[in-house]
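Below is one structure, written out as structure tokens; the observations come after it.
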Amino acid sequence: MVFVTLPCSSPQQQLAGDEALLDYCEANRGHEGFMRFWETEVPFVALGYSKCWRKEVFEEVCAAEEIPVLRRCSGGGTVLQARGCLNYALVLPIDSRAELESISSTNEFIMGEQASALRDAFGLDLRVQGCSDLTLGGRKFCGNSQRRKRRYLLFHGSFLLSADLQLIGRSLRLPEQQPDYRGHRTHGDFLVNLGLPSTKVEEALIEHWRPDRREPDDADRAAIMQIVDSLEAEKYGREEWNLKF
């Protein structure tokens, strides 16, 4: 896969950036895929694709603190994106590995690789729990989800490194669907920060996955950003998408 950075500035563009890489690969059959990292300075809610926003967020808190509620293209639960969260995205050809042929086997394979990368780099006693969570001492620090097309898949997630867990608790309701290991714990009791610099986590994942460090050429980058702009205008910047459920 190719390591890529994108000049996305707004929360809407960041969400569009992940989907744009998937769409670009799907339209350019034979591409080896992408690896990307991003962070936000502006807090925002990222709903899982099928989530009803009124059941997921404390609307009054988000309005008062000017936290926009957006919807991503992948499934999974709702998260609060803010300073101290490191996001990654992998876009992979589905036919490149047998493990990528189904949702469950993809979760198992990629989560196993992510866990191995962090164990090798930092000696952490972490586990994969639920469908696609990474935990430390039984508390979650990384959640993940995927979006699949005909030939490529997007697998992305967030690492809690130094996030404001109190803000998460104030902004997000407890999810209706919970993994058994959560045990109905509040966000404050269930989540934990990894406490590592984002640069170190990025380096560990790059060392493990070994993407090609060349960036796309100007023409390819322009094509990707054109998709980002279209997705922002037609989807992520519109209430019809973000608040449709």
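Here's the yes/no breakdown for (1) touching a Gly at 6+ places or on another chain (Cβ under 9 Å); (2) surrounded by fewer than 21 Cβ atoms within 10 Å (Cβ to Cβ):
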residue	(1), (2)
G30	no, yes
G48	yes, yes
W53	no, yes
E56	yes, no
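Here's the yes/no breakdown for (1) without any contact (Cβ under 8 Å) to a residue 40 or more places away in the chain; (2) touching a Cys at 6+ places or on another chain (Cβ under 8 Å); (3) within 25 Å of A204 (Cα to Cα); (4) surrounded by fewer than 14 Cβ atoms within 10 Å (Cβ to Cβ):
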position	(1), (2), (3), (4)
V4	no, no, yes, no
Y24	no, no, no, no
F37	no, no, yes, no
R97	yes, no, yes, yes
L100	no, no, yes, no
Checklist outcome for this item: Among the residues of the range 169-197, the number that are in a helix (DSSP H, G or I) and under 22 Å from R127 (Cβ atoms) is 7
Next on the checklist: Looking at the range 134-142, can you tell me whether even one residue there is closer than 30 Å to H184 by Cβ and in contact with a Cys (Cβ under 6 Å, 6 or more places away or on another chain)?
Outcome noted: yes
Next on the checklist: If C142 meets every condition in (1) modelled with pLDDT under 95; (2) of a type in the set (A, V, I, L, M, F, W, C); (3) assigned to a strand (DSSP E or B) apart from one, which number is that one?
Outcome noted: (1)
Item to check | Given (1) surrounded by fewer than 16 Cβ atoms within 10 Å (Cβ to Cβ); (2) not in a helix (DSSP H, G or I), number of the condition S104 does not satisfy | outcome: (2)
Next on the checklist: So, A204, is that one over 19 Å from V79 (Cβ atoms) and not in a strand (DSSP E or B) or not?
Outcome noted: yes
Checklist entry - Which ones in the range 223-245 are assigned to a helix (DSSP H, G or I) and either over 24 Å from R72 (Cβ atoms) or of a type in the set (D, E, K, R) (or both)? => result D229, E232, E234, K235, E239, E240
Next on the checklist: Can you tell me which condition G76 does not meet? The list is (1) modelled with pLDDT of 95 or more; (2) more than 17 Å from P211 (Cα to Cα); (3) within 19 Å of the chain's Cα centre (by Cα), and all the others hold.
Outcome noted: (1)
Item to check | Search result, residues across the range 176-224 that are polar (S, T, N, Q), surrounded by 14 or more Cβ atoms within 10 Å (Cβ to Cβ) and out of contact with any strand residue (DSSP E or B) (no Cβ under 8 Å at 6 or more places or on another chain) | outcome: Q178
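The values are calculated or read from the model by the stated rules, or taken from the named source; none is laboratory data. The model shown is predicted, which means the values in this text are computed figures rather than measured ones. Note: ideal-geometry Cβ built from the backbone for every residue, glycine included; neighbour counts use all protein chains shown.
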